[in-house]
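Report on the following structure.
The values are calculated or read from the model by the stated rules, or taken from the named source; none is laboratory data. Computed from a prediction, not measured in an experiment: that's the story for all the values here. All Cβ positions, glycine included, derive from the backbone under ideal geometry; neighbour counts span all protein chains shown. Heavy atoms of the whole protein, side chains included, go into the accessibility calculation; ligands, DNA and RNA do not. Shrake-Rupley method; radii C 1.70, N 1.55, O 1.52, S 1.80 Å.
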Amino acid sequence: MRQSQRLIPTLKESPADADVASHRLMLRAGLIRQVASGLYSWLPLGLRVIRKLETIIREELEASGAQEVLMPIVQPAELWQETGRWSKMGPEMLRMKDRHDRDFCLGPTHEEVITDIFRREIHSYRQLPCNFYQIQTKFRDEIRPRFGVMRAREFTMKDGYSFHADQACFDATYQEMYDCYGRILQRMALNFRAVEADTGNIGGANSHEFHVLAESGEDLIAYAPSGDYAANLEKAAAASPAERQAAREALEKVATPNQTSIEDVAAYLKVPESRCLKTLIVQGASELEARDDQPVQEEASPRLVAMVLRGDHELNLIKAQKLPGVANPLRLADDGDIQAATGCKPGSIGPLGLQIPTYVDRDAAAVADFVCGANEEGVHYRGANWVRDQPLTEAAIVDIRNVVSGDAAPDGSGDLQFLRGIEVGHIFQLGTVYSEPMQAKVLDENGRSVTPIMGCYGMGVTRLVAAIIEQNHDEVGIIWPEPVAPYLVHIVALNYGKSDAVRQAADRLYDVLRERNLEVLLDDRDERPGVKFADADLIGIPHRITIGDRGLKEDKIENLTRMSDKTETLPLDEVVNRLVG
């Protein structure tokens with residue numbers, strides 16, 4: 001008796017918390033079912049897609065020289081304590097004790113475990129480089145799981161880690177992983193962008209995120225349509241501004257009663273916002289956080305730092321909090337501390353004569369004859385100029401703003417525009433953040449003990465399923481690209497249970513297609529044609545073959561291609577050749 005592939009029942013209505021198209025469609029099409037907040041069971045259709053993605057990932061990674069391992073999701077606290085992350089990780093790490101009262105966690109990531117494997121097994125530079133990966137379950141106890149499987153607590157991820165004797169070796173592997181990720185996403189028929197990304201607290205010179213382009217994406221990407229430049233908003237930079245013009249106006253104080261915002265001041269003084277400078281006051285680093293390369297001015301208070309920007313620009317929090325002397329994460333100072341340090345409430349603060357460490361954005365430093373607060377309530381300066389009215393050194397000039405549409409790309413490839421993307425991959429340099437504290441060492445060619453450089457390469461597998469749907473759906477359902485579809489062919493047999501001719505034709509076509517190694521789904525349910533067609537549109541398998549009594553009388557069946565919505569009527573014997581060809 002042959003094993004038939006049957007449809008999973010579809011949901012007629014999506015739950016109220018379905019807040020993105022992919023989540024709603026995955027539930028309705030029977031790919032997933034929610035068990036608890038951020039926890040999902042994968043049903044047969046959804047699991048088939050995951051297996052397709054895993055196959056593509058494995059084929060490309062192994063072709064690039066990476067080796068697959070499988071590490072446990074339950075990890076002992078001792079490894080995390082070696083790197084200090086056991087105490088640093090917040091409540092997103094789910095901790096537990098075993099029956100012997102020993103501490104364990106459900107692994108949110110596997111840097112410690114792979115470094116432990118490395119230090120036990122690899123001892124010579126001759127064994128380097130080595131590049132390991134796994135496809136494994138992760139658990140991160142998100143405070144607010146949302147967007148279905150795109151921001152779930154439990155998820156499947158491909159994570160990889162490489163080890164290198166020197167930077168040149170790492171750079172070569174990094175480029176190979178960059179190219180490999182591109183090939184993986186191309187094979188999945190995705191429209192994507194690889195963008196420069198912030199490396200976070202880990203640091204390192206290289207970091208790229210891979211974003212599937214979709215209007216529902218959480219991330220904003222700046223890119224040059226006519227060039228190669230692309231970066232996420234946290235990292236994106238504009239070209240250096242033009243050289244500052246010479247001062248033309250005299251400095252004067254002007255009363256600005258009740259004008260406390262850039263918009264109000266600009267309108268009141270009849271000047272563009274781009275010629276107004278705003279000064280934001282943030283918390284400085286504590287003594288433990290402070291570093292030797294402090295900002296340029298005399299430090300009257302180690303607790304506050306000023307950030308000066310053009311009035312029409314916004315502060316980039318990630319760029320700002322990386323500056324020496326600035327608290328990380330960035331925190332705005334409260335009004336009381338600001339008034340104590342400046343003698344003025346926020347709204348009339350400016351850089352002239354300000355006695356706290358000050359950073360000036362590059363574009364703000366290029367403005368001449370600007371308007372700024374005078375550090376007196378209801379008073380501003382106009383005609384202010386750097387150097388003449390306020391000293392400004394090169395060390396104080398930094399890039400701390402968000403780019404805006406129309407900015408010139410830093411590589412000269414054109415003006416920047418914005419896209420939204422779903423991050424599905426991230427590759428970056430770990431350096432020795434894990435290998436150093438865990439004492440992972442190898443002997444170099446001179447017999448000296450050296451600490452290897454590590455790279456990290458992540459790709460969200462279950463997140464990819466949602467990203468594919470976000471990029472490939474219409475108002476009635478999913479539109480699967482062929483390489484990742486759960487099945488290639490969907491046979492819709494009308495009146496299957498009552499018509500011998502339909503049943504025999506559908507079963508024969510089903511068997512022939514399977515013999516030709518085509519993945520085929522047969523809808524043999526006792527449902528009305530409208531229900532079957534609606535479910536076929538919802539599930540979105542690339543080719544839909546409709547078999548009914550009316551067509552069989554003329555030896556014809558209907559073939560609809562879901563991607564193009566194009567329908568053709570073919571003789572029954574030609575369908576197989578059309579699909580195989």
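Find the eigenvalues of the gyration tensor of the Cα atoms of the range 306-460, then list the square roots of 5 times those eigenvalues as equivalent ellipsoid semi-axes, largest first, in whole angstrom.
40, 22, 16
Protein chains only, probe 1.4 Å: how do H426, H313 rank by accessible area, largest first? If you can, show how the numbers build up before the last one.
On the way: H426 40, H313 5 Å².
Greatest to least solvent exposure: H426, H313.
Round to the nearest 10 and report in Å² the accessible area of D228, as given by a 1.4 Å probe over the protein chains' heavy atoms.
Spelled out: D228, probe radius 1.4 Å, area about 140 Å².
Name the shape class, rounded, prolate or oblate, that the alpha-carbon gyration tensor gives for the range 514-581, where a ≥ b ≥ c are the square roots of its eigenvalues, rounded holds for a/c under 1.5, and otherwise prolate holds if a/b is larger than b/c and oblate otherwise. Numbers along the way, then the final one.
Values: a/c = 1.44, a/b = 1.14, b/c = 1.26.
Note, shape of the range 514-581 comes out rounded.
Expected output is a single nm value to one decimal: the length gained when fully extending between E142 and A267, i.e. 0.36 nm times separation in residues minus the C-alpha distance. What is it? Walk me through the intermediate numbers first.
On the way: separation 125, 0.36 × 125 = 45.00 nm, distance 4.40 nm.
Full-extension gain reported as 40.6 nm.
If you count the DSSP beta bridges with both ends in the range 29-166, what percent of them are antiparallel, to the nearest 5?
Values: 22 of 24 bridges.
Within the range 29-166, antiparallel bridges account for around 90 percent of the total.
Quick check for you: which residues of the range 496-531 have the amide N under 16 Å from the point 7 Å beyond the Cα of K553 toward its beta carbon?
Residues 499-502 fall inside that zone.
With the cut-off at 16 Å, report for the range 313-373 the share of all Cα pairs above it, as a whole percent. The partial results should precede the final answer.
On the way: 1014 of 1830 pairs.
More than 16 Å apart: 55 percent of the Cα pairs in the range 313-373.
At a Cα cut-off below 20 Å, give the lysines reachable from K158, other chains included and same-chain residues fewer than 8 away excluded.
By straight Cα distance, K158 reaches K52, K138.
Mean shadow of the range 383-429, computed from the convex hull of its alpha carbons, in nm²?
On the way: hull surface 26.5 nm².
Across all orientations, the range 383-429 yields a mean hull projection of 6.6 nm².
Please work out, to two decimal places, the log10 of the ratio I(q)/I(0) at q = 0.31 Å⁻¹ from a Debye calculation in which every Cα of the range 128-184 carries one identical scatterer.
-1.18
Taking the Cα atoms of the range 500-549, report the difference between the largest and smallest coordinate on each principal axis, in whole Å and largest first.
The principal-axis extents, from largest down, are 29, 26, 14 Å.
So for the pair D511, H123, with labels modelled 7 Å out along Cα→Cβ, what separation do we get in nm?
Label-label distance for D511 and H123, simple model: 6.2 nm.
Compute, for Y359, the solvent-accessible surface of its heavy atoms (probe 1.4 Å) with the complete set of protein chains present, and express it in square angstrom to the nearest 10.
Solvent-accessible area, nearest 10 Å²: 10 Å².
Please work out how much accessible surface D573 shows to a 1.4 Å probe, ignoring ligands, DNA and RNA, in Å² rounded to 10.
That residue has around 120 Å² of solvent-accessible surface.
Summing +1 for each Lys or Arg and -1 for each Asp or Glu, what net charge is found among the other residues whose Cβ lies under 11 Å from the Cβ of I541?
-2
Label-point separation (nm) for A36 and A368, each offset 7 Å from Cα along Cα-to-Cβ?
Here the modelled spin labels are 6.6 nm apart.
If the chain between Q417 and L220 were fully stretched, how many nm would it gain, using 0.36 nm times the residue separation less the Cα-Cα distance?
That works out to 69.9 nm of additional length.
Compute the angle between helix 461-471 and the longest alpha-carbon principal axis of the chain, please, reported from 0 to 90 degrees and rounded to the nearest 10.
90
Please identify the trypsin sites (Lys or Arg not before Pro) of the range 452-548 that satisfy two criteria: DSSP loop assignment and at most 12 other Cβ atoms within 10 Å. Which are they? Let's see the in-between values first.
Numbers: sites: R463, K498, R503, R508, R514, R516, R525, K532, R544; in loops: K498, R516, R525.
Here the trypsin sites (Lys or Arg not before Pro) that fit, given the DSSP loop and packing criteria, are K498, R516.
Averaged across orientations, what area in nm² does the convex hull of the alpha carbons in the chain project? Don't skip to the answer; put the middle values down first.
Details: hull surface 140.4 nm².
Reported value for the Cα convex hull: 35.1 nm².
Specify whether the C-alpha gyration tensor of the range 379-521 places it in the rounded, prolate or oblate class, a ≥ b ≥ c being the square roots of the eigenvalues: rounded for a/c under 1.5, otherwise prolate if a/b is larger than b/c and oblate if not.
On the way: a/c = 4.86, a/b = 1.78, b/c = 2.73.
Since a/c reaches 1.5 but b/c is at least a/b, the shape of the range 379-521 is classed as oblate.
Measuring with a 1.4 Å probe in the full set of protein chains, what accessible area per residue, in whole Å², belongs to the chain?
Details: 26750 Å² over 581 residues.
Roughly 46 Å² per residue, with all protein chains present.
Quick one: with all protein chains in place, what share of the accessible area of the range 436-581 is carbon or sulfur, to the nearest percent (1.4 Å probe)?
About 44 percent, which is the carbon plus sulfur part of the accessible surface.
Taking the Cα atoms only, what angle lies between the long axis of helix 529-539 and the longest principal axis of the chain, rounded to 10 degrees?
40
For the chain, what is the mean residue ellipticity at 222 nm derived from helices alone (per DSSP H run of n ≥ 4: -39500 (n - 2.57); sum divided by total residues; nearest 500 deg cm²/dmol)? Each step should come with its number before you reach the end.
Values: 15 runs with 147 residues, N = 581.
Helices in the chain give a 222 nm mean residue ellipticity of -7500 deg cm²/dmol.
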